[in-house]
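The values are calculated or read from the model by the stated rules, or taken from the named source; none is laboratory data. As the structure is a computational prediction, the values presented were derived from the model and not from experiment. Cβ coordinates were reconstructed from backbone atoms using ideal geometry, including for glycine residues, and neighbour counts include every protein chain displayed. SASA here: full protein model, heavy atoms, side chains in, ligands and nucleic acids out. Shrake-Rupley method; radii C 1.70, N 1.55, O 1.52, S 1.80 Å.
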Amino acid sequence: MPPVIMTVEDLDFYYGKKQVLFKVNIPIRERQITALIGPSGCGKSTFLRTLNRMNDVIEDTHYAGQILLEGEDILSSDIDVVALRQRVGMVFQRPTPFPMSIFDNVAFGPRINGLARGSALTELVERSLQRAALFDEVKDLLHQSAQALSGGQQQRLCIARVLAVEPEIVLMDEPCSALDPISTARIEELMIELKQEYTIVIVTHNMQQAARVSDETGFFLSGELIEFDSSKQMFTDPHDKRTEDYITGRFG
Amino acid sequence: MTRSLKTPKGWLHARRKMANRLLWVGAILATLIALVPLLMILTYLVVHGLPSLNLAFFTHLPKPVGEVGGGMANAIAGTLELIGLACLLGLPLGIMSGIFLSEFGNNRTGGIIRFLADVLASVPSIVIGIFVYTIVVLPMKHFSALAGGIALGIMMIPTVMRTTEEIVRLVPQSLRQSSLSLGVTQFRTTFSVVLLAARAGVITGVLLAIARIAGETAPLLFTAFGNRFWSYQLNQPIASLPKQIYNYAIAPYDDWHAQAWTGALVLVSLILILSVAARYATRGRYRIVR
């Protein structure tokens, strides 16, 4: 079992007075894919967003508990959130290319953070596009608008964009739900390749997807983590009855 | 017994049809009548203004009384300079406050600021002229292009602010969040991504604000004042198209009347070009990129 890179300890999360996450404890292991499943509204996306403090942009939210990334508690107030988000990147449900060329999209993060310049930047952009399995399709179009790409290509562009800032962990919030099955399959392949270098945490509505790609899976229900196990175990012989009901489709 | 679906006959139905038709005809008629003043203005402008429209108009200074010919070159240049000065004041303030309102203005403070901007937008332009007279012209002890530019700039601010706010608001949250999640600061997210996505709409707002101030006369009466000669210095009075048109129109000379019409034609054409350019900038959809 790979070492744990991020530990979530006793995490509670509140929108105003309403508590939506209850004492969640999860180990995220290095260089593998951890999937989070559960019915709509169970808090899995909210949970994912606490891992890179994206919930901070919403007003009136607060946490209890801690999340340790290599020993440091990322929920504490003296953490530089901007630096955190460089180490823990995120891909969203809908592809969101910036209104610039493909090259500028991928170069955006590194340019702003001064990670690379000139020819080093060009190499970084190429490498990121290759890692996102997009380079071959766009290598002659780098200076065209990113808007012209198809949905699946745009999502891979968003992945390349995140990879360009060289994160350790990549969070994916239902990355394939807006895509057709073929693009979905390509991105699933991509995830399996990426896990050789990056730690991936994916929220998905699609249980078959979780079963296909992930190494460990967590099942959320109404803000609680009901079960967390190796995916093989979870999808063949879950321990909790609620997990079994969800997986066999009795609800959700 | 089921009711038939066939169109009913009888006088009740005929009365409804008649009322429907009258309303239609009335609406179309009202529209045509509303267009009449506009069409008449355009016709007069072309008919009276075109004869004196020649190259000399754009290159020569006004001739002294009695001499025929001359042009409004200094007034045209003056209007352009005043617009430039107004933009220097109005654009940064208007765009920045528009961005502030859309990103951080969803609260009572924002509501108050919006209200004040709307009030400023409805202040009569002559009042703005008098205000700038008091704070700029009196201390400087003369009329000036600077004062004129400040007056027009003040008029630009609320328009630019409101259109910028509305267009920036349309940029989807998902774009902002994508940028933030790359480890980019709020500041860079707003300026390098959100504003970029909104640029077509912001430019439109600016062009429309310029079109509005280009024809303003009242605020220039006691600020820029007007000038019969070439002038570009900030601390000297400067000519402007609307002022020159006014001067010529109230004079007793036919030649000057003709030139006033030409000046009006040029002014309206300038505003028309700006408005068309604004439409061109947002052709197709409203150009907010997803």
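Could you list all residues from the stretch A:46-69 that are part of a loop (DSSP other than H, G, I, E, B) and among the β-branched types (Val, Ile, Thr)? Result: A:58, single match.
Matching residues to (1) free of Cβ contacts under 8 Å to residues at least 12 places away in the same chain; (2) more than 30 Å from residue A:86 (Cα to Cα); (3) of a type outside the set (A, V, I, L, M, F, W, C); (4) within 14 Å of another protein chain (Cβ to nearest Cβ):
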{"residue": "B:79", "(1), (2), (3), (4)": "no, yes, yes, no"}
{"residue": "B:106", "(1), (2), (3), (4)": "yes, no, yes, yes"}
{"residue": "B:122", "(1), (2), (3), (4)": "yes, yes, yes, no"}
{"residue": "B:125", "(1), (2), (3), (4)": "no, yes, yes, no"}
{"residue": "B:130", "(1), (2), (3), (4)": "no, yes, no, no"}
{"residue": "B:135", "(1), (2), (3), (4)": "yes, yes, no, no"}
{"residue": "B:150", "(1), (2), (3), (4)": "no, yes, no, no"}
{"residue": "B:158", "(1), (2), (3), (4)": "no, yes, yes, no"}
{"residue": "B:165", "(1), (2), (3), (4)": "no, no, yes, no"}
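The conditions of being open to solvent by less than 10 Å² (accessible area, probe 1.4 Å), part of a helix (DSSP H, G or I) and small (Gly, Ala, Ser) are met by residue B:151.
Here A:218, A:223 are screened, and the one residue that is more than 14 Å from residue A:34 (Cβ to Cβ), open to solvent by less than 10 Å² (accessible area, probe 1.4 Å) and in contact (Cβ under 8 Å) with a residue 40 or more places away in the chain is A:223.
Mind listing whichever residues of the stretch A:226-252 are assigned to a strand (DSSP E or B) and either free of Cβ contacts under 8 Å to residues at least 12 places away in the same chain or not polar (S, T, N, Q) (or both)? Residues satisfying the conditions are A:226, A:227, A:228, A:229. Within the stretch A:191-223, being closer than 22 Å to residue A:42 by Cα, among the hydrophobic types (A, V, I, L, M, F, W, C) and either in a helix (DSSP H, G or I) or under 14 Å from the mean Cα position of the chain (by Cα) (or both) holds for A:200, A:201, A:202, A:203, A:207, A:210, A:211, A:213.
Of the helices (runs of 4 or more DSSP H) lying entirely inside the stretch A:87-147, those carrying at least 3 residues that are at the interface with chain B (Cβ under 9 Å from one of its Cβ atoms) are A:102-112. Residue A:165 satisfies every condition listed in (1) open to solvent by 30 Å² or more (accessible area, probe 1.4 Å); (2) within 21 Å of residue A:88 (Cβ to Cβ) except (1).
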